[in-house]
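Single-structure report; data block below.
Laboratory data are not the source of any read-out in this text; all were calculated from the coordinates shown. Quick caveat: nothing in here was measured; it's all calculated off a predicted structure. Note that we place each Cβ from the backbone using ideal geometry, even for glycine, and neighbour counts take in every protein chain shown.
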Amino acid sequence: MRVVPIPQLTDNYAYLIIDEASRKAGIVDCAEAPAVLRAAGDAGVELVAILPTHHHWDHVGGNEELLQHHPLTVYGYTGEGHRIPGCTVEVAEGDVISLGALAARVLFIPAHTSGHVAYHFERDRSLFTGDTLFAGGCGRLFEGDAEMMMRSLSKLTALPDETCVYFGHEYTEKNLRFALTLEPQNAALRDKLAWAVEQSHQHRPTVPTTLASEKATNPFLRWTSPELRATVRRKFPDLPDDDVSIFAKIRALKDVF
Ligand SMILES: [Zn+2]
């Protein structure tokens, strides 16, 4: 398996997933078709499927144009396929999608949208998380609440620590700056921010991250951190001291950061 990140719009990523044995490829999220077609041409692969993570235009806006060039299988979460342009196959939690010899399991992870999915290539230790899990952050709660997002994130963090995470937006540096306001003493977080700043200066992407790195640095996976909880409770002494309240407050603080 080879993964090629393709920058889209201002800070989105599409990912070309290549099965090197069969030269077949799938694309995870497509906002702009021309760059995706160019990347597939450069790699010398046959595009066979679109794997959208969710229905937002900056993740599916290029589907129709891609379909004008190739007949493709287009996946969408069951009952929500009508929100994905060109959807041909609805899938549910646990379904396995084949891409040449590659296999991805569908994980249902709602909250950013009600039909959001991740694609887990278990054998290749790779996970495509769209706008649910970012490096240092999580998606906004457009069609779900804090509790739902915590359940979705927990489903992802239950996978092996070494899993590579390919996310939907290059928000890493800003996410980590926010995280540092909650955990200024977190050394792993400080190191990762320094690295992200350097990547940005070199015009390099910060994908992929790993689940191990996210557990060490991502405030939306660290609601049990004593330092993080103390920071939040210092700012909001009347906040109930339960996990959901802490998580919801972190999300609300990030919304206005
Ligand atoms: Zn989105």
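Size of the chain: Rg and Dmax of its alpha carbons, in Å, are 18.2, 59.
Relative to the longest principal axis of the Cα atoms of the chain, the long axis of helix 172-182 lies at roughly 20 degrees. Under the combined filter of DSSP loop state and at most 11 neighbouring Cβ atoms within 10 Å, the range 1-101 retains none of its trypsin sites (Lys or Arg not before Pro).
How high is the relative contact order of the chain, in percent, with contacts defined as C-alpha pairs under 8 Å that are six or more residues apart? Each step should come with its number before you reach the end.
On the way: 521 pairs, mean separation 33.2, N = 257.
It rounds to 13 percent for the chain.
Report, to the nearest 10°, how far helix 33-43 tilts away from the longest principal axis of the Cα atoms in the chain, using its own Cα long axis and a range of 0 to 90°. For helix 33-43, the angle is close to 70 degrees. For Lys174, a cut-off of 24 angstrom between C-alpha atoms picks up these lysines, skipping any fewer than 8 places away in its own chain: Lys192, Lys215, Lys235, Lys249, Lys254.
Calculated [222 nm] ellipticity per residue, helices only, for the chain: -10500 deg cm²/dmol; basis is -39500 (n - 2.57) per DSSP H run with n ≥ 4, divided by all residues, nearest 500. With each label modelled as a point 7 angstrom along the Cα→C-beta vector, the Ser200-Ala21 pair spans 4.2 nm. Spin-label model, Thr224/Arg177: points 7 Å from Cα along the beta carbon direction are separated by 3.1 nm. The label point for Ser98 and the one for Ala188, both projected 7 Å from the Cα toward the Cβ, are 3.8 nm apart.
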